[in-house]
Amino acid sequence: MSTRRPNLQPKLGLASVRKEAQMQRALLFRPGLVPYTVALDWQRQLLARRVADRGLPDVLMLLEHPPVYTLGQGADLKYVLADPGEIELHRVERGGEVTYHGPGQIVGYPILDLHNHQRDLHWYLRTLEEVLSEVLVRFGIKAGRREGLTGVWVEERKLAAIGIKVSRWVTMHGFALNVNPDLSAFEAIVPCGLKAPVGSMAQFYPGVDLTTVESTVADCFARVFGLKFEQISALELRF
């Protein structure tokens, strides 16, 4: 068990304090373990509402899924090594190739109106990477990017994957951060179509606590995107 403690509090100067006062209100939803199709339906509902009413606040869902594999809309089945009939597999509207979600992995689904941020998909992808890199740095894990690729890497291992969908500048789908999942589940696929090892935070920070990481993701996301979160329940989101 590691005796290290994560540095969960960023250093705030006067400019940061001033910026915090200008942050936009947003909603944070942390429902725990949720079947993939249920969360997908929630995303679609929230996106439709946001497109219809631009006055609604941004939403970030942070959750886990039971074991499931997903394909982007243009993904190639050749990267699925297991028999598709023996695993739960869904093709959805995000970009990217096949990936895995399961317990021990934090999945983030931002429903953001990019009119209130930047209408630039490259900026959005790089900003998601910045959020995840900052989370890892707070746990003493030096993270980086790979030129020409999307995601967050530590040494030769990919710790976070990103796949998005944007409709009328409102986002859905998002990112997955491997905290302490069963990495053997990735052996059924070629993750993201890349022949590169997948890693987890637990390999670099033994004993890492998923709930603490989830709270840190929310904090870093709010800081980087200029949001002030109000945590709510499913009842308040009217699912």
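Could you give the nm distance between label points at A234 and A52, where each point is 7 Å from its Cα heading toward the beta carbon?
According to this spin-label approximation, the distance is 2.1 nm.
What Kirkwood Rh does segment 150-239 have if only Cα atoms enter the pairwise 1/r average? Answer in Å.
Result for segment 150-239, one decimal place: 15.4 Å.
At 20 °C and 1.002 mPa s, grab the translational diffusion coefficient of segment 43-174 from Stokes-Einstein with a Kirkwood Rh over Cα pairs, rounded to a whole number in µm² per second.
134 µm²/s
From the alpha carbon gyration tensor of the chain, can you work out the equivalent ellipsoid semi-axes (sqrt of 5 times each eigenvalue) and give them in Å, largest to smallest?
Here the semi-axes work out to 26, 23, 17 Å.
Taking every pair of distinct Cα atoms and averaging 1/r, then inverting, what Kirkwood hydrodynamic radius in Å comes out for segment 75-121?
13.7 Å is the Kirkwood radius here.
Sort 106-112, 52-58, 185-191 by the packing proxy (mean of other Cβ within 10 Å over each peptide's residues), most packed first.
106-112, 185-191, 52-58
I need S133, S184, S215, S233 ordered by Cβ neighbour count within 10 Å, fewest first.
Result, fewest neighbours first: S184, S233, S215, S133.
Go ahead and estimate [θ] at 222 nm for the chain from helices alone: -39,500 (n - 2.57) per DSSP H run with n ≥ 4, summed, over the residue count, rounded to 500.
Helix-only estimate at 222 nm: -8500 deg cm²/dmol.
Regarding segment 127-173, what is the average projected area of its C-alpha convex hull, in nm²?
3.7 nm²
Averaging over every viewing direction, what projected area does the convex hull of the Cα atoms of segment 193-239 cover, in nm²?
6.0 nm²
Could you order the peptides 119-132, 78-91 from most to least packed, using the average number of other C-beta atoms within 10 Å per residue?
Ranked from most to least packed, the peptides come out as 119-132, 78-91.
A short reminder: the numbers here are calculations on the coordinates, not readings from a lab. Note that this is a predicted model, so its numbers are computed, not measured. Every residue, glycine as well, gets a Cβ built from its backbone with ideal geometry; the counts of neighbours run over all protein chains shown.
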